[in-house]
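Beneath this line is the structure, given in structure tokens, with notes to follow.
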Amino acid sequence: MTATDRSIELINAAAQAAADKLAHDIIAYDVSDVLSITDAFLLASAPNDRQVKSIVDEIEERLSKELGAKPVRREGDREARWVLLDYVDIVVHVQHSEERVFYALERLWKDCPEIDLPEEAKATRGKAAAHAEATADEQDGELH
């Protein structure tokens with residue numbers, strides 16, 4: 001079994017919304033063969049809690065306006081370290097960069113097929129590492 005056309009449509013809209021809000025390392029997996037509860041996962045991250053919230057809000061608004069989809073569940077809002085949006089057909093995970101590294105969801109789903117995403121979303125790959133390096137360089141400069 002593979003993800004439905006509706007799931008792919010939702011994933012692409014969510015990925016584009018995340019990219020528009022400058023999310024890092026956007027990736028999607030077709031998990032339909034290993035999970036019966038959903039078709040696909042979208043993973044994205046941001047370097048701070050405020051940006052995590054902004055990305056989540058944009059995804060939710062875009063999917064509602066463009067596709068008439070509302071999440072059945074939204075978790076993790078208060079801390080904004082890892083927010084989960086459950087649309088039944090897809091599940092969106094937006095994580096603070098530190099949580100993304102610690103939980104490494106990509107390791108869990110690496111055997112599942114990757115879903116092709118819009119170019120803007122693909123271009124976010126490696127942004128978290130680049131941001132972390134730039135931040136470390138700034139801190140090193142302050143120490144000297």
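The values are calculated or read from the model by the stated rules, or taken from the named source; none is laboratory data. Keep in mind the model is a prediction, meaning the values are calculated, not measured. Positions of Cβ are backbone-derived with ideal geometry, glycine not excepted, and every protein chain shown enters the neighbour counts. Ligands, DNA and RNA are excluded from the accessible area calculation, which covers all protein heavy atoms including side chains. Shrake-Rupley method; radii C 1.70, N 1.55, O 1.52, S 1.80 Å.
Worth pointing out:
- With every protein chain in place, the chain: carbon and sulfur % of accessible area (1.4 Å): 51 percent
- Near S54, once Lys and Arg are set to +1 and Asp and Glu to -1 for all other residues with Cβ below 12 Å from its Cβ, the sum equals -3.
- Length released on extending from K110 to E66, taking residue separation times 0.36 nm less the Cα-Cα span: 12.9 nm
- Multiplying the residue separation of I37 and R125 by 0.36 nm and removing their Cα-Cα distance gives an extension gain of 29.0 nm.
- Sequence of E60, E79 from largest to smallest accessible area, 1.4 Å probe: E79, E60
- Correct choice for Cα extents along the principal axes in Å that was computed from the model, options (i) 56, 31, 27; (ii) 53, 31, 20; (iii) 44, 32, 28: (i)
- Taking Cβ atoms as reference points and 12 Å as the exclusive limit, the residues near R6 contribute a net charge of -4, counting Lys and Arg as +1 and Asp and Glu as -1.
- Local electrostatic count at W82 - Lys and Arg +1, Asp and Glu -1, tallied over other residues with Cβ under 9 Å: -1
- Most mobile of A18, A123, A28 in a GNM of the chain (Cα contacts under 10 Å): A123
- Dipole of the chain, positive end: most advanced residue of P113, Y29, V56 [Cβ charges, Cα centre]: V56
- Taken about its Cα centre, the chain carries a charge dipole of about 340 debye when Lys and Arg each add +1 at the Cβ and Asp and Glu each add -1 at the Cβ.
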